[in-house]
Amino acid sequence: PVTSPSAKVIRVEQKPTYSPDELNIYSRDPQIQHLFSCAAQYLGQVLSQPNLSTLYSFYDYYRLPSDVIEFLIQYCVQNGHRDLRYMERVAQDWSDQGIQTLEQAQMYIKRLDVYRPIMKSLGLNRYPSDEDCGIDRWLSQYRMPMELLLEACRRTRKRTNAPNFRYVEGILSDWHSKNVHTLQELAAADTAYEQQNAQPRERPSRTGS
């Protein structure tokens, strides 16, 4: 399993730079040669020596497998990021997460794409830690669609004025117990709640003199 982003690897060594002669030697490896060729194709340009040095550091310094690096480049390009410096930050993040297989990288991206709008709706700009919340439970156990997750986050921000995962959990747990799993069902539940609260309460009878 991918490790928690809270357990970042602290790098004490300095990232190396690679001379043109070193890169020529490394590129004789068919695996590295293929990586350089794929990167040039994805980026649509002939890679300069500094860019090749940065790219090789993904393999040598950040210790990512070549197929993971190729997937990383493809993912960044598809999302409009062609700068290798940006890709290096992604490479460091994936390395810190302990990603060592293509399957782990794909799962990390899948979870990140799901988590991002939820975190953003709570006013947060980071990957959630394991202590933050149970988004996986909201999706798999509660089977809540994204529109209800975002609505729960919106109500949490409105009522608490802060990102409060426990409050979101309380809202979703209540909706799940009431079998609310669509916006239409939520609207009906809200109407029933308002009607119930609008009814006058009976006063307790007074006994005695």
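The values are calculated or read from the model by the stated rules, or taken from the named source; none is laboratory data. These numbers come from a predicted model, not from an experiment. Note that each Cβ is placed from the backbone with ideal geometry, even for glycine, and that neighbours are counted across all protein chains shown. We work out accessible area using only protein heavy atoms, side chains counted, and drop any ligands, DNA or RNA first. Shrake-Rupley method; radii C 1.70, N 1.55, O 1.52, S 1.80 Å.
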All but one of (1) part of a loop (DSSP other than H, G, I, E, B); (2) under 30 Å from SER37 (Cα atoms) hold for GLN92, so report the exception by its number.
(1)
List, please: which pairs have Cβ atoms under 8 Å, are six or more places apart or on different chains, and start with a residue in the range 178-199 that is in contact (Cβ under 8 Å) with a residue 24 or more places away in the chain and in a loop (DSSP other than H, G, I, E, B) and end with one that is surrounded by fewer than 11 Cβ atoms within 10 Å (Cβ to Cβ) and among the charged types (D, E, K, R)?
HIS181/ARG143
Selected residue (only one of ILE171, ILE109, ILE135 is at pLDDT 95 or above and on the phi < 0 side of the Ramachandran plot)
ILE171
Would you check if there is a residue in the range 68-80 being among the charged types (D, E, K, R) and at pLDDT 95 or above?
yes
Within the range 164-198, restricting to residues that are among the acidic types (Asp, Glu) and surrounded by 12 or more Cβ atoms within 10 Å (Cβ to Cβ), the one that is farthest from GLY123 (Cα to Cα) is GLU185
Mind listing whichever residues of the range 15-26 are open to solvent by 50 Å² or more (accessible area, probe 1.4 Å) and within 33 Å of the chain's Cα centre (by Cα)?
LYS15, THR17
Would you confirm whether or not the range 128-147 contains a residue that is open to solvent by 30 Å² or more (accessible area, probe 1.4 Å), among the hydroxyl-bearing types (Ser, Thr, Tyr) and closer than 28 Å to ASP93 by Cα?
yes
If I ask for residues that are over 28 Å from the mean Cα position of the chain (by Cα) and crowded, with 18+ Cβ neighbours inside 10 Å, which ones from the range 27-51 would you list?
ILE32
